[in-house]
Amino acid sequence: MKKSFKRIVAVLLAVMMIVCSFPLTVLAADSNRTNINLQFGDVSNKKDTPKNYNVERRGASINDFVNYSGLNSTKLDYSNGKIAGYNKGDFFTVSVLVENVSKIAAAEVAIKYSDSISPAYVKNVSSGTAVVEYTDGSTAIDGFQPLEAITQQSGDAIHNKTHTLGETSYVDADKKIIHAKFAAQAGSDYADTSIITAGKQELTNTAVLATFMFKIVSDGDITFTLDTPETAYYLETIANGGKVDEYKTYVPKSEGAEAELDFMGKNEYNGSTSTSYTITFNDENGKVLQTGSYEEGTNVIAPALPAVTHDDEKHYTYSWDKEVVSPAAADATYTRVKTGAVHEWNQGVVTKEPTTTETGIKTYTCTFDGCGATKTETLDKLPEAHVHTWGEWKYNGDASFTSGTNYKNGTQTRTCTECGETETKEAPNTGLLYRRGNQLSLDSAILVKIMTTKSVVDYYDKVYMVAELNTTKGQTRSVIEDYDLYYNNQYARFTFDEITPFYLNEEVSYTIYGVKDGVTYWGPTYSYAATSYVQSQFNTYSKAKYPNSYKNLRNLLADIIWYGYKSQIYTGYGITNGKKIPMTDYITAEELACRTSGDLNLQNVGTSTYETIDNPSCMTGFSARMGSSVDLMITLAKKTTAAPDLKTVTVQVQKEGQAIEYFSYKNNPDMFKESGKYLIFYYNGVKGYEASTPVYIKLLDANGNVISNTRKCTIEGYCHTQINSTSASTSLKEVCDSIMRYAKSSAAYIANSKA
């Protein structure tokens, strides 16, 4: 025997143990995978028909053997331990086929049989040859002793086209095992089974491993078992890389019972109550990777999924379209899914440093586990030695603010004027250069006070606020540098006083700026409309918390909205920035109904000669101007030719019960306006609730001498005059009425809030 069994492929079946070595060619483990098939057949002594079995000599060739082997004998129906039509004394064959394999180097077949049958073989008799039951005293053909081997019943089916294989065969009567081993003959590596012409059949990639003969010796069931059934539940191949339980199992094993087989049809097991399921695994293109039949309760082993793959753009992972159910419980098909995701590049590593003469390389690696993809980028050559000439730092305006603990400082950048290289660093405190609160004051004017943290203000050399009001009449842009301190000096408050009543519903944007070391910084812009304050006060000011001032505040809020509404009508101010006009729509009808009504009982207490002097050289006139506040408008005029230049005159103003104030064209130019031969002085110091408070006006020359009579005037007096005028327009009368209602509700609110 040339070959040893050094490359054994173990195939363990219920009725037999089959060991095969497939060193060269085994078909792919898919729908054509290697399989063991058992066939039952009949026995006769006639050589002239394909269904008969007869071997005349031990050295028969493959063609002789297959022509007359059990392979081509009539297939018998075998079910539940019985062969249909066969009884005690009859002979039958069991042929063992291996399918879907083209080359075989070695094989081993062993059957443990039941008491109801006994091995049989061919022997010489006086009339020729006959099939007889095996006994210890029997004489085999060609001097082969029964205890030694039963040649014609095994072995010759596996060899090349002209020669037998080396083989050993034996019967162990005590253990009831019939056994055969085979190996390729001397000089051969394998037997070629790719195409074999066998009588009237042509076998393709199929070989008959052995044909055993048996005689039925009793009426019991015909069964076949293994000595060690607990290991006989799978078959396996080594040469094609198959897994242990990829292949068909013929062995059922019930609890506490020995493994047995029962064959019918093509002799696959069909005698158990267990159920088989077909489990198929496809790749992502629908091609079958693996399919097989699994007994219910046996483990389902899925093909290994490919490792992570990749291309330049993505990495790809593999999974099954649904969870693999194991043990087997139903027919199932699983499809492999290929999922792509863009690479997750790391920060990169410089794998070649750039120089002044050569570019460098930076390599990035995908951090996804198992991917391993890389990409590179070219690093520019290093510049020649260069001393930068830096320009001034410029703020990038990129600070952000959410809260006092959640903000981000901006950055500042400077640029080399020679090479254009830039340098960027943090701009400290810019994230906190932001509105930290706001207040609305309905005072002599409508005042919005924007607060920021005093500690941030102290960091800068200079801090100011820019307020921008955009309306259909143009833009008002105010730069406010002065601030007052608030809440134990923790906050700085900037005041904007350019909101006229008919702009109450317009949003004003506020931006705080800081200057440090010559660089100007700014924080995020905040927008706010005065009507937002009115709405919030209506919603949050409760009667339970403020029983004295609750009603008066609601009167005041409704009156200021009414004042704005009438101002819009009087000025002809229309829709702007998508705002809805009239302004009264910014509060509910119920809230608007809180405005005051009834007779105002206005009085005109003003006079141009409240106090007189001898020979006044100057005189004053009185009117009012409606803007962000209602200002006293005092006209200065010469009465005699000896009167001084009006620009040298000082205006003395005293609100009743308050300190005297002095104003001159030289010191307060913004409060004066030239109008021909007159000089007009605007006084905005009368607060909203002081509309009825008398104000006393007199003029002084450069030496402090009184040069005019004293004029007594009030905002109430102006409104009284206009409301009762026969020439004033209806809209002017209505706005004057709304001014006084707002003034009186403001005074009432202040009085009750202090009560």
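The values are calculated or read from the model by the stated rules, or taken from the named source; none is laboratory data. Not measured: the values here are computed from a predicted model. In this analysis, Cβ positions are derived from the backbone assuming ideal geometry, glycine residues included, and neighbour counts consider all displayed protein chains.
Taken over the stretch 577-604, the criterion of being modelled with pLDDT of 90 or more, surrounded by 13 or more Cβ atoms within 10 Å (Cβ to Cβ) and not in a helix (DSSP H, G or I) is satisfied by Cys594, Arg595, Thr596, Leu600, Leu602, Asn604.
Here is the figure for the stretch 349-405: residues that are of a type in the set (S, T, N, Q) and assigned to a strand (DSSP E or B) total 9.
Taking Tyr541 as the residue in question, decide whether it is over 16 Å from Ile560 (Cα atoms), loosely packed, with under 15 Cβ neighbours inside 10 Å and not assigned by TED's automatic domain parsing to the domain that holds Asp631. In short, yes. Out of the residues in the stretch 468-524 that are under 30 Å from Gly572 (Cβ atoms) and charged (D, E, K, R), which is modelled with the lowest pLDDT? Only one residue tops the list, namely Lys473. Tell me, yes or no, whether the stretch 516-536 has at least one residue that is free of Cβ contacts under 8 Å to residues at least 12 places away in the same chain, under 46 Å from the mean Cα position of the chain (by Cα) and over 16 Å from Leu442 (Cβ atoms). Scanning the stretch 516-536 turns up no residue that is free of Cβ contacts under 8 Å to residues at least 12 places away in the same chain, under 46 Å from the mean Cα position of the chain (by Cα) and over 16 Å from Leu442 (Cβ atoms). For the stretch 442-510, the strands (runs of 3 or more DSSP E) that sit wholly inside it and include 1 or more residues that are among the basic types (Lys, Arg) and surrounded by 18 or more Cβ atoms within 10 Å (Cβ to Cβ) are 446-453, 491-499.
Strands (runs of 3 or more DSSP E) fully within the stretch 647-755 that include at least 1 residues being in contact (Cβ under 8 Å) with a residue 40 or more places away in the chain, out of contact with any Ser or Thr (no Cβ under 6 Å at 6 or more places or on another chain) and closer than 18 Å to Thr609 by Cα: 650-655, 695-700, 710-713. For the stretch 294-322, filtering for residues that are closer than 14 Å to Asn282 by Cα and either surrounded by 12 or more Cβ atoms within 10 Å (Cβ to Cβ) or within 24 Å of the chain's Cα centre (by Cα) (or both) leaves 10. Tyr696 fulfils the conditions (1) in contact with a helix residue (DSSP H, G or I) (Cβ under 8 Å, 6 or more places away or on another chain); (2) within 29 Å of Leu602 (Cβ to Cβ); (3) of a type in the set (Phe, Trp, Tyr) except for a single criterion, (1).
Applying a threshold of 9 Å to beta carbon distances and a minimum spacing of six or more residues, or different chains, the list of pairs starting in the stretch 315-338 at a residue that is more than 11 Å from Val300 (Cα to Cα) and assigned by TED's automatic domain parsing to the domain that holds Ala304 and ending at one that is of a type in the set (Lys, Arg) and assigned to a strand (DSSP E or B) reads Tyr316/Lys338; Thr317/Lys338; Tyr318/Arg336; Tyr318/Lys338; Ser319/Arg336; Ser319/Lys338; Trp320/Arg336; Asp321/Arg336.
Just one of the listed residues (Ala385, Ala427) is more than 30 Å from Ala747 (Cα to Cα) and at pLDDT below 90, and it is Ala385. Given the structure, is Asn285 part of a loop (DSSP other than H, G, I, E, B), within 32 Å of the chain's Cα centre (by Cα) and of a type outside the set (Asp, Glu)? Yes: the conditions hold for Asn285.
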